[in-house]
1. Please state, rounded to one decimal and in Å, the Kirkwood hydrodynamic radius that region 521-630 gives when every pair of distinct Cα atoms enters the mean of 1/r.
2. Relative to the present Cα-Cα distance, how much length would full extension add between residue 598 and residue 198 at 0.36 nm per residue of separation?
3. Give the distance, in whole Å, between the Cα centre of region 301-325 and the Cα centre of region 31-88.
4. Determine the distance separating the Cα centre of region 172-229 from the Cα centre of region 614-632; give it in Å without decimals.
5. How many nm separate the modelled label positions at residue 549 and residue 656, each set 7 Å beyond the Cα in the direction of the Cβ?
6. Calculated FRET efficiency, residue 148 and residue 462, Cβ-Cβ r, R0 25 Å, to nearest 0.05?
7. Starting from one equal scatterer on each C-alpha and no solvent at all, send me the Debye-based log10 I(q)/I(0) for the chain at q = 0.07 Å⁻¹, two decimals.
8. In percent, what relative contact order does region 226-408 have, based on Cα pairs under 8 Å that are 6 or more apart in sequence?
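Coordinate-derived values only; no laboratory data. Everything numeric in this text was worked out from a predicted model, so none of it was measured. Cβ placement follows ideal geometry from the backbone for every residue including glycine, while neighbour counts extend to all protein chains displayed.
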Amino acid sequence: MDNSFQLLDPKIQKWVYKQGWSNLRQIQNDAIKPILSGKTDIVISAATAAGKTEAAFLPACTAISNLTDSIGILYISPLKALINDQYRRLEGLCYMLDMPVTAWHGDSSQSKKKRCKKNPQGIILITPESLESLLIRDAGWVRSAFESLKYIIIDEYHAFIGSERGCHLQSLMHRLECLLERQSTPIPRIALSATLGEMDKVGGYLRPNKALPWELIKGSEANFHLKMQIKGYINKLPEMLKLNETEYSELLPSTDQKIAQDLYQVLRGESHLVFANSRKRTEHFAVILSDMCTDNIVPNEFFPHHGSLSKELRVELESRLQKESLPTTAICTMTLELGIDIGKVTSVAQITAPHSVASLRQRIGRSGRREGAAILRMYITEKELSSSSSISDKLRMELLQSIAMVHLLVKDKWNEPPDMQLCHFSTLLHQILAVIAQWGGVRADQLWTLLCESDSFNKVTVEHFKALLSQMGELQLISQLTSGELVLAIKGEYLVDHYTFYAVFKTPEEYRVMHQGKSLGTLPVDAMALANEHIVFAGRRWKINDVDIDKKLIIVNPTKGGSPPNFVGGGGIPVHDRVRQEMYKIYQKGDYKIDLGESKIDFLDSTARDLFFEGLEYFRNAKLQYSFLIAHGEYIYIIPWIGDKIINTLIMLLLREDIKSSNYGGVIEIVGMDEYAIFSTFKKIAKQSLPTESELALLVKDKIVEKYDHLLPESLLLDGYGAREFDVSGAHEWLLNTLFE
């Protein structure tokens, strides 16, 4: 063992030996001294199953091994399931140390919470929402129970960065330090993360006020091995219509049926993950594969996993994967992208192009976790071409995007950096209400100092803050006493008292789906089906017998036929500039293969290869290596090979010139103009003083994105939406480089 190992508590050393480990992993050794010093924040970045949890907890538990009068470690996770998973992993270690560990979330045992409240010690595992609830409802206990808190450990840190939930987490950690009066002796934060783009900026997001320095401990990827293939399909049928009484499988698109057949043949007999990108497609493929098992009179091995399913069904599937006793394939959304322990998974399959390179990297990390190579299979469908086919279809953009993402992941070892420039005004409104609820009354200057001046909302200006407080007063969310303190007004009290308040993300009203008294999961109200309708849910076909509006219940029985319901929250993730630039480079080079030394790696099957060369031929015939513009009949197509934020900006700049256009997978389509007019318009725009992102947002009708956006003043809504969707400087740079180079 390394010398650092000797710094660990003897009982922890004994636990390590009992695991049969001859040595700690490098990140585990490297983390011991800086964590024990207690003088720095730390980001531990490594692949799934690389030992990040032990890297944090072995030294952190050493540091609190003799602490008996306070919670010593606060572990924060984005998922309740991950908390339960980590609880199981920590039980043995904490038993050796006689150290309590408490899982604290909505599904946790009340008796264990009461025990912890009576005698707060050891480790608490919690979600941001449950921590918010504690701060609002029991701040006095938090102040005493966390009096000597040594560390805050954040798991799956990459899932927080740049999001409203990440902004909420920043605010919670800062509010906790202020409650404990630890501003001068900050609590070290240890973030466990998958590898992110621009890791040098990530530590700054961990603690924006820089009250402590930060250190990056990065795992080695030298032993990463990947076997992969992209399989191509040609869709010769129109998109499937919604079916009721008609047998669902009879009218499936030929490609979906073929993909399912290929999955069935390749995956049966072992355990795998299949990422279908949406809850609807997850149910869609789960039921097709389940039907195939039934048709072949074999046990079903294919089960759906997504956020709308009941906890019992999800836990049952996770447990089945962990036991590794039965072959099991989970057809899933992003729910299994994070680090829940699911045992050894032979391979990962991806249906349609992944959301991002970062997402693809996470998913690959779920395969080959203990030994051997990771295995990735991608299934990409392109439409059969006709005289009316779109330019995107002719360029085979989905296949090309998938190839580009593989190149960036494997060849360049790159993935998207998080967007850390957003203000998250909706979350700020939430935090103003939360802080007032926590303290009963707070002055405006105290709110500014706590939330904006030093930490979480440091991109918010004084003008922003004043406008928000004024709007909240007008909406009767807050009111001001004669003493100057701000308190909750009638509508603010209503929001804070509602059970959905603790989350800063949208939680739509949902109906429970029940069969014979057993909950199958929930459906959002706007996806709710009607009585006698046939649906696919939980990987099976059901007929809706009754809908109880008062009790918010949908009663179902097994049947034949039906289609998956539409779920909310399926919005697309914007494609990054570098992905589209890599797509262009691949076509410009005319080769999709990955250079590896003197050899080239071919990872497309014959159909995907044919589709690639079809797209390449069109690229060359249209001379797109020399021009960004194609004229076709009454249409003009602009292919700028840039990310969606800049494309959104170009579309809005054109709209300001009374030119309507649309974005189809990176291709801008314009009707009723000629090439000369487009060039002239772009040159005119490039020479103008361009509008700000907020001014462009004025042209957008629906700007409600985050939970409380509908309560914001118009100026803040414009600023927030503009920063999220547009990039004026990037668009201006593209115009100058393209038109005047």
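1. 18.8
2. Length gained, residue 598 through residue 198: 141.0 nm.
3. What the calculation gives is 27 Å, centre to centre.
4. After rounding, the separation between the Cα centres reads 44 Å.
5. Inter-label distance under the simple model: 4.7 nm.
6. 0.10
7. Evaluating at q = 0.07 Å⁻¹ gives log10 I(q)/I(0) of -0.55.
8. In percent, rounded to a whole number, it is 28.
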